[in-house]
Every structure is written in C-alpha cells, then in structure tokens.
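The values are calculated or read from the model by the stated rules, or taken from the named source; none is laboratory data. Just so it is clear, the structure is predicted and the values come from calculations on it, not from any experiment. Neighbour counts run over all protein chains shown; Cβ positions are idealised from the backbone, glycine included.
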Amino acid sequence: MMDEIFSKESDCVQRVTTGISNLDALIQGGFPKQSITLVSGSPGSGKSIFCFHFLYEGVKNNEKVLYLTLDKQEEGLIFQAKNLGFNFQEGIEQGTTKFRYLDINQKLIYESMSEEILNGNYNRIVLDSITPLSEMPMYIRNPEYTPPNYSIVNAKKASSNHTPQRRNLRYIMNALETSGATSVVTSELTLGSSSLSRDGISEFLADGVITLSYDTTMDRRKLSIVKMRNTQHSLKPQNIAITDNGINLQ
Ligand SMILES: Nc1ncnc2c1ncn2[C@@H]1O[C@H](COP(=O)(O)OP(=O)(O)O)[C@@H](O)[C@H]1O
Ligand SMILES: [Mg+2]
C-alpha cells in the first residue's frame, strides 16, 4: 500500500515549465512547483541564459517574476537578455517583472534579499548567483547572526551546529522556500571543477541540481540533471547548444 503511494508521488507533483524546449520532457513536465533548483557551471556555461529562459516562460504565462543578482547591474542583464530574444521590458513597465541588483557589501544584505524574496508574491525567482554570499569574508557574514525562522517547518530543521556559511545559505534557501515561488539559484564553478556547487553545501539544500559544462577541445556543451526531487529523470548528459535564441537542447 505504502509502495503504491510512493510510486505515484511523482505523478501528483505540480510542474512548472522550465522555458527550455525539450528539457521539460526529461523531468516529467518541469520543475516541481515551489522547488529550488541549483544550476551550476563555470563562467560562460550558460547559467544566466538558463535563468532568462526560466523567467521569460513565467512572463509568457502572465506570472510575477524576480531576477536577483549580486554580480551585475540590472541594465547589463536586461541588455544581454534582449540580445538573445528575451524582452523583459514590458513586464518591467507593468510591474510584473523585476530585476534587482544587490550590493554584497551592504550591511543588511540578508534582510534586503529576504525582503525582496518574500514581499513580491512572485511565481518565479532567480538568484544569479549565490556564490558571492558563500564567499563573503567572515566579518561581513557575521558568525553571531542568527537568521529569523520563517516557519515552524524551517525552525525544526534549523540547528545550532551549522557553520555560519551553511546557516547563511540556508537562510536564503529558507526564504525562497517560504516565498511559495519556484526558484532557480546558480552557483559559479571554477573551470574543470567536478563539484556540484562552489560552496559544497547548496547542492544539499536545493531540491534539484542541474550542471552546465563545456568541452573546449570538442567545442561541445552539455546539460546534466544530477538531482530532481520527486522526479524520474535520466542522468545522461544532454547535448546543448547556445545560439541567438539561447539554449537549445538537442
Ligand atoms: N548569440 C550567441 N551565440 C552563441 N553563443 C552565445 C551567444 N550568446 C552567448 N553565447 C554563449 O553564452 C555564454 C554566456 O552565457 P551566460 O549564461 O552568460 O554564462 P554564465 O552565466 O554561465 O557565465 C557566452 O560566453 C557564449 O559562449
Ligand atoms: Mg552569469
């Protein structure tokens, strides 16, 4: 009886389309609703373009979407997206799309981030990337800082044994989880790294992990679904290409 319930679990999960054609078919229709997917890859592997696809899909469905970044000013990203055919301008003017750059050096970075995440009633949120948060020097990360708990569920999961780095990453992941949005978080890998994230922690906190990689000698790009909770998927690396229209999964 229990086996039957478990085997059917993945069929009952509500799905959120990724915006990348052919990817949805590999993960039973899309990301599980309200999940957090980590997209990892070295510079130029297509992480930001992946995020554009995901958010633009939301725009097309009349959803509210947020692009949070710690790396680049909003204008540069909007420009990069537009060149690939993702025009976010209309949504921005209507207030349904928001690009927000947050300065990592500001004191209340966690508070500002969670405020953005929790107060906008977003359907989709992108955090591109989470790496600066995990690399902040100790004095800014403030090891004494105890993030507030947003829900009983999260409070139960919290533990005082966690390192400050893990607590900080968990704080942001908790905010994303609590927001009710479906999220994509990116992590910067150094070239040639076989890790799933730069910090070695995010992959455990996220519900899903997708890696993007390239082989310079063969001039080839790959996308791998490493983990996707409540989802049947292949682990086989998929060939992708980046063109004027973004990521194409062959
Ligand atoms: N029009 C295009 N045609 C082919 N490749 C492109 C095009 N635009 C961008 N790219 C590729 O995409 C990369 C940038 O992707 P991006 O998502 O910004 O990477 P990341 O965020 O992982 O650093 C570029 O380095 C380039 O290789
Ligand atoms: Mg990027």
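The table for this structure:
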item: The range 217-237 - residue that is under 22 Å from T131 (Cβ atoms) and free of Cβ contacts under 8 Å to residues at least 24 places away in the same chain and, of those, nearest to the chain's Cα centre (by Cα); result: S224
item: Scope the range 37-50; condition surrounded by 24 or more Cβ atoms within 10 Å (Cβ to Cβ) and among the β-branched types (V, I, T); matching residues; result: T37, V39
item: Helices (runs of 4 or more DSSP H) wholly inside the range 49-168 that include at least 2 residues being at pLDDT 95 or above and more than 16 Å from ligand 2 (Cβ to nearest atom); result: 89-94, 109-119
item: Inter-residue pairs, beta-carbon under 7 Å, first touching a residue at least 40 places away in the same chain (Cβ under 8 Å) and in the range 38-49, second assigned to a strand (DSSP E or B) and within 6 Å of ligand 1 (Cβ to nearest atom), 6+ apart; result: G46/I242; K47/G41; I49/I242
